[in-house]
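Participant: Pasting in a structure now, in structure tokens, and then I'll have a few things to ask.
The values are calculated or read from the model by the stated rules, or taken from the named source; none is laboratory data. Remember, predicted model here, so these are calculated numbers, not experimental data. Cβ coordinates were reconstructed from backbone atoms using ideal geometry, including for glycine residues, and neighbour counts include every protein chain displayed. We work out accessible area using only protein heavy atoms, side chains counted, and drop any ligands, DNA or RNA first. Shrake-Rupley method; radii C 1.70, N 1.55, O 1.52, S 1.80 Å.
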Amino acid sequence: MADSVFHHVVRAPEDPILGVTVAYNKDTSPNKLNLGVGAYRTEEGKPLVLSVVRQAEQSLVNDPSRVKEYLPIIGLAEFNKLSAKLICGADSPAIQENRVTTVQCLSGTGSLRVGGEFLARHYHERTIYIPQPTWGNHPKVFTLAGLSVKYYRYYDPATRGLDFQGLLEDLGSAPSGAVVLLHACAHNPTGVDPTVEQWEQIRQLMRSKQLLPFFDSAYQGFASGSLDADAQSVRMFVADGGECLVAQSYAKNMGLYGERVGALSIVCKTSDVAGKVESQLKLVIRPMYSNPPLHGASIVATILRDKDMYNEWTIELKAMADRIISMRHQLFEALKTRGTPGDWSHIIKQIGMFTFTGLNSEQVAFMRQEYHIYMTSDGRISMAGLSSRTVPHLADAIHAAVTRAS
């Protein structure tokens, strides 16, 4: 047999986050625990489909008038309209003045990619500043979209909190007009968010330097349990009349992970500009995937348009957020009870799906080897993967790692 024309291809390393699950699946221990991937689990450790999502799906299936025709390039119009209202606020002047253009995309990742490619083609400044650290996919998405990626300080390992001074200094020295990626809430991987007062300072600095905000909103309602509170940072920027981009995902807050439902909204100065921007977004999307999938967006639109379903969703969403907050408190108390060396209060101060534990890669490796607990090597754990049953096992492992593996 002749050599394959691809014989020179080298095996790529596993994705650092998804690779954790691959390793977990190979482990035969009955005590194994996967805290790597950011997907919600019930107290029993099972994936959750929200009742309201089942209800919405059932109504779609029972509607004989529904067909499987292609959506337009920019997706389901009603979904786009409702998504913009959800993140900007229904009473937002930007929406009332038709200054927001929204396109349906393939979840948060697709929204970031489409936004990145649009900026690379049509924005004068090709540099995007992203927080250090950030979600591992961010630098790859923006680099492949054609932007040059730089970092700004965000996390302070000493306090396991926000390096606010460093953030202000780095954005202050960024070139005028640069794009800045901001996590709307529940920063991934650290769980550290600015306060409302700090957001206001960030807004003033960015507007004074004409820096363009690009929000990644993957956890609206999932962080605090309140859709409005978790959108506050975005709404501050939208309310000042300036321009910004927002990527939204419904993976976490509606549990629609595999449906790949997201939206990109671009807030413009005028409705005329918004119309032109939309026309160019179509030219980005068409050769990329032609048009987005129908099913997930229809579920979201069904829930957002119906008052009763919407209210039920907010209740189920708060229950998920509350369970994660409860896991934080249980883990903190378990470490306190064990007298684990160090200050672990950051576990209850951080917010959202992830906790940046402060564990180093050796301690993470020790916990995998000795306790069959899987997480990314930077010490990030998914709080949503924990339960009351598994908290003691994790606390034992952290205690052992800190006292024996440090």
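Participant: When residues of segment 126-152 are filtered for being touching a Phe, Trp or Tyr at 6+ places or on another chain (Cβ under 9 Å) and either surrounded by fewer than 17 Cβ atoms within 10 Å (Cβ to Cβ) or of a type in the set (D, E, K, R) (or both), how many remain?
Facilitator: Total satisfying the criteria: 4.
Participant: To continue, here is another question. State which residue is farthest from the chain's Cα centre (by Cα) when the search covers only segment 104-125 and only residues that are over 14 Å from LEU283 (Cβ atoms) and open to solvent by 20 Å² or more (accessible area, probe 1.4 Å).
Facilitator: Here the residue is HIS124.
Participant: Given (1) open to solvent by 50 Å² or more (accessible area, probe 1.4 Å); (2) touching a helix residue (DSSP H, G or I) at 6+ places or on another chain (Cβ under 8 Å); (3) at pLDDT 95 or above; (4) not acidic (Asp, Glu), where does SER377 come up short, assuming only one miss?
Facilitator: So the condition that SER377 fails would be (3).
Participant: Still on this structure: Quick check: anything in segment 297-319 small (Gly, Ala, Ser), in contact (Cβ under 8 Å) with a residue 60 or more places away in the chain and in a loop (DSSP other than H, G, I, E, B)?
Facilitator: no
Participant: Let me ask something else. Name the pairs whose Cβ atoms lie under 8 Å apart, with the first residue in segment 381-394 and in contact (Cβ under 8 Å) with a residue 12 or more places away in the chain, the second of a type in the set (Phe, Trp, Tyr) and crowded, with 24+ Cβ neighbours inside 10 Å, and 6 or more positions between them or separate chains?
Facilitator: Within 8 Å, the pairs are ILE381/PHE354; SER382/PHE354; MET383/PHE354.
Participant: Next question, about the same structure. In the list GLU200, GLU125, GLU169, which residue meets the criterion of being at pLDDT 95 or above, closer than 24 Å to VAL277 by Cα and of a type in the set (Asp, Glu)?
Facilitator: GLU125
Participant: Take segment 157-184 and flag every residue that is open to solvent by 10 Å² or more (accessible area, probe 1.4 Å) and within 26 Å of GLY225 (Cα to Cα).
Facilitator: Matches in segment 157-184: THR159, ARG160, GLY161, LEU162, ASP163, PHE164, HIS183.
Participant: If I filter segment 214-247 down to residues being in a helix (DSSP H, G or I) and small (Gly, Ala, Ser), which single residue comes out as most open to solvent (accessible area, probe 1.4 Å)?
Facilitator: Step by step, filter segment 214-247, then rank; the result is ALA239.
Participant: Looking at the structure I just gave you, is LEU60 under 22 Å from ALA247 (Cα atoms) and modelled with pLDDT of 95 or more?
Facilitator: When the stated conditions are applied, LEU60 does not pass them.
Yes or no, residue by residue, for (1) at pLDDT 95 or above; (2) under 30 Å from LYS68 (Cβ atoms); (3) surrounded by 20 or more Cβ atoms within 10 Å (Cβ to Cβ):
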site: ILE299; (1), (2), (3): yes, yes, yes
site: MET309; (1), (2), (3): yes, yes, no
site: ASP343; (1), (2), (3): no, no, no
site: MET367; (1), (2), (3): yes, no, yes
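Participant: Within segment 194-213, which residues are closer than 14 Å to ALA178 by Cα, touching a Leu at 6+ places or on another chain (Cβ under 9 Å) and either open to solvent by 20 Å² or more (accessible area, probe 1.4 Å) or assigned to a strand (DSSP E or B) (or both)?
Facilitator: LEU205, LYS209, LEU212, PRO213 - these are the residues of segment 194-213 that are closer than 14 Å to ALA178 by Cα, touching a Leu at 6+ places or on another chain (Cβ under 9 Å) and either open to solvent by 20 Å² or more (accessible area, probe 1.4 Å) or assigned to a strand (DSSP E or B) (or both).
Participant: Taking the conditions exactly as written (of a type in the set (Gly, Ala, Ser), over 16 Å from ASN188 (Cα atoms) and at pLDDT below 95), does SER361 satisfy them or not?
Facilitator: Yes, satisfied.
Participant: To continue, here is another question. Please tell me if LEU317 is in contact with a Gly (Cβ under 6 Å, 6 or more places away or on another chain) and either among the aromatic types (Phe, Trp, Tyr) or at pLDDT 95 or above (or both).
Facilitator: Spelling it out, LEU317 is indeed in contact with a Gly (Cβ under 6 Å, 6 or more places away or on another chain) and either among the aromatic types (Phe, Trp, Tyr) or at pLDDT 95 or above (or both).
Participant: Cβ-Cβ under 8 Å, sequence separation 6+ or interchain: first residue in segment 1-22 and modelled with pLDDT under 85, partner of a type in the set (A, V, I, L, M, F, W, C) and part of a loop (DSSP other than H, G, I, E, B). Which pairs?
Facilitator: Between residues of segment 1-22 that are modelled with pLDDT under 85 and residues that are of a type in the set (A, V, I, L, M, F, W, C) and part of a loop (DSSP other than H, G, I, E, B), the close pairs are ILE17/VAL37; LEU18/VAL37.
Participant: Would you list the helices (runs of 4 or more DSSP H) that sit entirely within segment 1-103 and hold 2 or more residues that are crowded, with 18+ Cβ neighbours inside 10 Å and of a type outside the set (Ser, Thr, Tyr)?
Facilitator: Once the helices (runs of 4 or more DSSP H) in segment 1-103 are filtered for at least 2 residues that are crowded, with 18+ Cβ neighbours inside 10 Å and of a type outside the set (Ser, Thr, Tyr), what remains is 51-61, 77-88, 93-96.
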